[in-house]
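Engineer: First, the structure itself, so that you have it in front of you.
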Amino acid sequence: MKKFCFLVVLILLVALFCANGIAVAETSDNYRNTKAYELTKEICAYPRKAGIDKDGAVQTYLINKFNEALGKDVAVKQTFTYGNSAEYCNVVAKIDRSSVSDKQIIIGAHYDSDGEGAADNACGVAALIITMQNFVRSANDLPCSVVFVAFDAEELGLLGSREYVSQMSEEQIENTLVMFNMDSIANGDNLYLWCENKRTSLADLIISKTDKIVEKPYAKGTYNLPDFYGYGYSETPQNTDQTPFRLAGIPTALFFSGTYSAEPWSYAESSDVNKRVMNTSKDTFENLEKNNGAEFVAKIEATVDAVTSSVLSENFAEVAESQRSQLVNLSVWYNTWWGGVIVF
């Protein structure tokens, strides 16, 4: 009888241990049940080389996702050509709040990639779509209109964002409070925010909403030469789609991931060489998950939460309105001749 009781107890303990083990496994795998995981995986399944595919599959997917989120067919294609090359296509949708304000914000992420482009930039597009879903649910609380743009041809030199800005009227530029950009947010060691090469009230507002995002170190990664885009200096975060907006005088907020080492000029995607996959064939969903697990989902969600909570905060409009006065005069402070002055 004692042996039988011992056996029963042993079986129950083993069963309990296994049950707990399964529960832990299920809990650790919960990130796979999130919208961020689902969307990132879906987007990676579409070829997204810059330029419209013959069947336009990825553009159709994005239009359907935008319309699904907004609950109506309002997403449009903004097609354009560059030189004598292929036709390109931004996908644009808007939550209209012109009844409460003539101001707007723009939220963007590029969808073109080299290969699968899981980290760069399926994760950013996933964040864009989830942010849209959040704002649709809170549309009556939005302080202004919100424009969502999935940019094409970022990898070819910010062609999509340059085209979008070139089509904006002076009034639209003046009435755009902030352009939020989400690019390569999920694979790096840290999730960074960069609003300007100095502390600003907009950065303060966004950072106050989360403890999962840090500001890009101001002094690191800045060079006087060469000047690729017209800032008068060069910096790694310039190489994405907020740059044409900033050069037009629109305040910007970029979310991106990476790491800055102790050296003053150094930036890398990660301190782990296995995670340095940007613009390579290794930037796949399989590698994103293998190298990051739930971490990549957490970074997407942190970006979404930061943008959503900042825009919906009571003082967003006031802070955003003041941001233009805090922008650096690029033509003076970051002119390339400063390098010569320093050398002299």
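Engineer: Enumerate the whole-percent occupancy of each 10 Å bin, from 0 to the last occupied one, for all C-alpha pair distances of the range 49-111.
Structural biologist: 18, 46, 26, 9, 0
Engineer: Any idea what the dipole of the chain comes to, in debye rounded to 20, about its Cα centre with Lys/Arg Cβ at +1 and Asp/Glu Cβ at -1?
Structural biologist: On the way: 29 positive and 44 negative charges, 174 e Å.
Approximately 840 debye in magnitude.
Engineer: Based on the alpha-carbon set only, what is the convex hull volume of the range 32-151 divided per residue, in Å³? Mind dumping the intermediate values first?
Structural biologist: Numbers: hull volume 13.1 nm³, N = 120.
Residue-normalised Cα hull volume stands at 109 Å³.
Engineer: Give the distance, in whole Å, between the Cα centre of the range 150-229 and the Cα centre of the range 303-326.
Structural biologist: Taking the Cα centre of the range 303-326 as reference, the centre of the range 150-229 is 14 Å away.
Engineer: I want the antiparallel fraction of DSSP beta bridges within the chain, as a percent rounded to 5. Show your work: numbers first, answer last.
Structural biologist: Details: 20 of 37 bridges.
Around 55 percent antiparallel, to the nearest 5.
Engineer: Taking the convex hull of the alpha carbon atoms in the range 161-224, what volume per residue do you get, in Å³?
Structural biologist: Working: hull volume 8.9 nm³, N = 64.
It is 139 Å³ per residue.
Engineer: Give me Rg/Rg_expected for the chain, where Rg uses Cα atoms only and Rg_expected = 2.2 N^0.38 Å with N residues.
Structural biologist: Working: Rg = 22.5 Å, N = 344, 2.2 N^0.38 = 20.2 Å.
Normalised Cα radius of gyration, the chain: 1.11.
Engineer: In straight Cα distance, which aspartates and glutamates are under 12 Å from Lys94, not counting same-chain residues fewer than 8 positions off?
Structural biologist: Partners within reach: Asp73.
Engineer: Can you pull a Stokes-Einstein diffusion coefficient for the range 74-214 at 20 °C (1.002 mPa s), Rh from Kirkwood over Cα pairs, as a whole number of µm²/s? Kindly include the intermediate steps, with their values, before the conclusion.
Structural biologist: Working: Rh = 16.3 Å.
For these conditions, the coefficient is 131 µm²/s.
Engineer: Assuming 1.306 mPa s and 10 °C, estimate D for the range 227-304 with Stokes-Einstein, Rh taken as the Kirkwood radius over Cα pairs, in µm²/s. Could you put the intermediate results ahead of the total?
Structural biologist: On the way: Rh = 14.7 Å.
Rounded, D is 108 µm²/s.
Engineer: Which of the peptides 151-158, 67-74, 192-199 is most tightly packed, and how do the rest follow, judged by the mean count of other Cβ atoms within 10 Å per residue? If you can, show how the numbers build up before the last one.
Structural biologist: On the way: 151-158: 23.9, 67-74: 14.2, 192-199: 19.0.
Result, highest mean Cβ count within 10 Å first: 151-158, 192-199, 67-74.
Engineer: Over its Cα atoms, what ratio of radius of gyration to 2.2 N^0.38 Å does the range 106-146 give? Display every interim value, and only then the final one.
Structural biologist: Details: Rg = 12.6 Å, N = 41, 2.2 N^0.38 = 9.0 Å.
So the Cα radius of gyration is 1.39 times the expected 2.2 N^0.38 Å.
Engineer: About the Cα centre, and with charges only on the beta carbon of Lys, Arg (+1) and Asp, Glu (-1), how big is the dipole of the range 108-222? Nearest 20 debye, please. Please report the intermediate quantities before stating the final value.
Structural biologist: Working: 8 positive and 18 negative charges, 108 e Å.
The calculation lands at about 520 debye.
Engineer: Shifting gears a bit: Can you name the helices of the chain, as whole DSSP H runs, whose Cα span along the helix axis is 15 Å or more and whose Kyte-Doolittle mean is not below 0.0? Write out the running numbers ahead of the final one.
Structural biologist: On the way: long enough: 2-28 (38 Å, 1.80); 57-70 (20 Å, 0.20); 123-137 (21 Å, 1.29); 294-311 (26 Å, 0.77).
Sorted by number, the helices that extend far enough and score high enough are 2-28, 57-70, 123-137, 294-311.
Engineer: Let me ask something additional. How large a share of the accessible area of the chain, in percent, is made up of carbon and sulfur atoms when the probe is 1.4 Å and the other protein chains stay in place? All intermediate terms of the calculation are to be shown ahead of the outcome.
Structural biologist: On the way: 8910 of 16160 Å².
The C+S portion of the solvent-accessible surface of the chain is 55 percent.
Engineer: Leaving out ligands and nucleic acids, and using a 1.4 Å probe, what accessible area per residue does the range 196-241 come to in Å²? Mind showing how you got there, number by number?
Structural biologist: Details: 2080 Å² over 46 residues.
That works out to 45 Å² per residue.
The values are calculated or read from the model by the stated rules, or taken from the named source; none is laboratory data. Bear in mind the structure is a predicted one, so any value in this text is a computation, not a measurement. All Cβ positions, even for glycine, are placed from backbone atoms using ideal geometry, and neighbour counts span all protein chains on display. Just the protein is used for accessible areas: all its heavy atoms, side chains included, with ligands, DNA and RNA removed. Shrake-Rupley method; radii C 1.70, N 1.55, O 1.52, S 1.80 Å.
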